[in-house]
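The values are calculated or read from the model by the stated rules, or taken from the named source; none is laboratory data. A quick note: this is a predicted structure, and the numbers were derived from the prediction, not measured. With ideal geometry, Cβ positions are generated from the backbone for all residues, glycine too; neighbour counts draw on all protein chains shown.
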Amino acid sequence: MYQWQKQIQRIVDEIDNCIKNYDNEALTLHNLSHKLGYSEFYTTRKFKEISGMPFRDYLRLRRLTFALKEVRDSTKSLLDIAFDHGFSSHEAFTRAFKGTYGITPSDYRKNPKPLVLRTKINAFDRYFFGLGEIGMIKSTDGVKIYYITIPRHKFLYIRNRESNGYWDFWQKQSLIPGQDHDTICGLLDSIKGKLDDDGGSEPNCKSGQIMAYMNDPDGRLCDWGFLRSECWGVRLPFDFEGEVPPQMYVADVPEAEYIVFEHGPFDYEQENRSVEDKIEHAMASFDFSQTDHCMDTSPGRIMYFYYDPAQCFKYIRPVRK
């Protein structure tokens, strides 16, 4: 199963690459299964077993996800968007779009609103499987520590006062109607104007979605000695006035100072655990007495956690002088 998790992840990554490049000829089950060296039947069966949905359904929903963003953000004609994303006609595109999102592409373009998109499947995750690293390769980059001032912005999020860590957070959220991983990430992915969004379409990787920890008197006592709620959300411009999904909150975050603990790019499969340990140690051992700052645990202050192995692994923690 472990090896097939990796193989299906290859297919999932290739699907997104083909969609982004409008390469519909390569985006077939025949070509994708051929790359793995297996039959279409066997690849389809394993894809459903691991992802929980048929290959054709996942492909259709991912195409619609990318198409929706072009409807929302570009001035391309709906017919061009339809052809670019593998639909045979404007009518076929409109029918699929409305059947999935409950609104036509033209109506959505006039009035974008949060919709649940199909986020990218992460079939292979060494952290989730608890496998640690492979081999002895270690990053040569250390942890950079520096102060920054973050301008005023808004934070749109869900929160959990009982969870302890990423996986526990989503396990607990899955028990709350309308707040499971796919629903929340799909909604956030559809919101325009996210400050940390640079075009990605999967949670916590260039899509603007981040884990955060809010100082909360009604929250859970954390390892750092204060009460907090774990949150998942997106940063938005301070003047954001879009629709807020009913299961979410929005916080007005004032301009403030933060301390950053940042590790540069690393090999996810080989270094994930060691980089995480390195940053945790840097935060735990940092001596504020040698500076003119201290941690700010005032209610409502937010710590952001950014995780993208291709770019960085960093915590941004609130401080005050």
Test: residue in segment 255-274 that is closer than 18 Å to Leu156 by Cα and not in a strand (DSSP E or B): yes
Residues of segment 261-272 satisfying the condition of being surrounded by fewer than 18 Cβ atoms within 10 Å (Cβ to Cβ) and under 21 Å from Met303 (Cβ atoms): Gly264
Residue within segment 141-157 that is modelled with pLDDT of 90 or more, exposed (fewer than 13 other Cβ atoms within 10 Å of the Cβ) and in a loop (DSSP other than H, G, I, E, B) present: yes
Pro105 being surrounded by 14 or more Cβ atoms within 10 Å (Cβ to Cβ), closer than 25 Å to Gln247 by Cβ and out of contact with any His (no Cβ under 8 Å at 6 or more places or on another chain): no
Residue ID - farthest from Phe155 (Cα to Cα), chosen from residues in segment 221-254 that are among the aromatic types (Phe, Trp, Tyr) and outside any strand (DSSP E or B): Trp224
Qualifying residue in segment 306-317 (condition: assigned to a strand (DSSP E or B), in contact (Cβ under 8 Å) with a residue 60 or more places away in the chain and either under 23 Å from Gly219 (Cα atoms) or not assigned by TED's automatic domain parsing to the domain that holds Asp223 (or both)): yes
Where a residue in segment 63-77 is more than 13 Å from Val116 (Cα to Cα) and its partner, wherever it lies, is surrounded by 13 or more Cβ atoms within 10 Å (Cβ to Cβ) and among the hydroxyl-bearing types (Ser, Thr, Tyr), with Cβ under 8 Å and at least six apart: Val71/Tyr108; Arg72/Tyr108; Arg72/Ser190
In segment 211-232, residue farthest from Asn164 (Cα to Cα) [restricted to those that are touching a residue at least 60 places away in the same chain (Cβ under 8 Å) and touching a Pro at 6+ places or on another chain (Cβ under 9 Å)]: Pro217
All positions within segment 19-37 that are touching a Lys or Arg at 6+ places or on another chain (Cβ under 8 Å) and either closer than 18 Å to Ala67 by Cβ or not in a helix (DSSP H, G or I) (or both): Ile19
Subset of segment 1-51 (residues that are under 20 Å from Ile81 (Cα atoms), surrounded by 17 or more Cβ atoms within 10 Å (Cβ to Cβ) and at pLDDT below 85): Leu27
Hits in segment 52-101 - residues which are exposed (fewer than 13 other Cβ atoms within 10 Å of the Cβ) and either in contact with a Gly (Cβ under 8 Å, 6 or more places away or on another chain) or at positive phi (or both): Gly52
Hey, Ile15 β-branched (Val, Ile, Thr) and free of Cβ contacts under 8 Å to residues at least 60 places away in the same chain or not: yes
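Does Asp180 count as under 19 Å from Tyr304 (Cβ atoms) and either modelled with pLDDT under 90 or among the charged types (D, E, K, R) (or both)?
In short, no.
Take Lys98 and decide whether it is more than 24 Å from Pro54 (Cβ to Cβ) and of a type outside the set (A, V, I, L, M).
No; evaluated as a whole, the condition is false for this residue.
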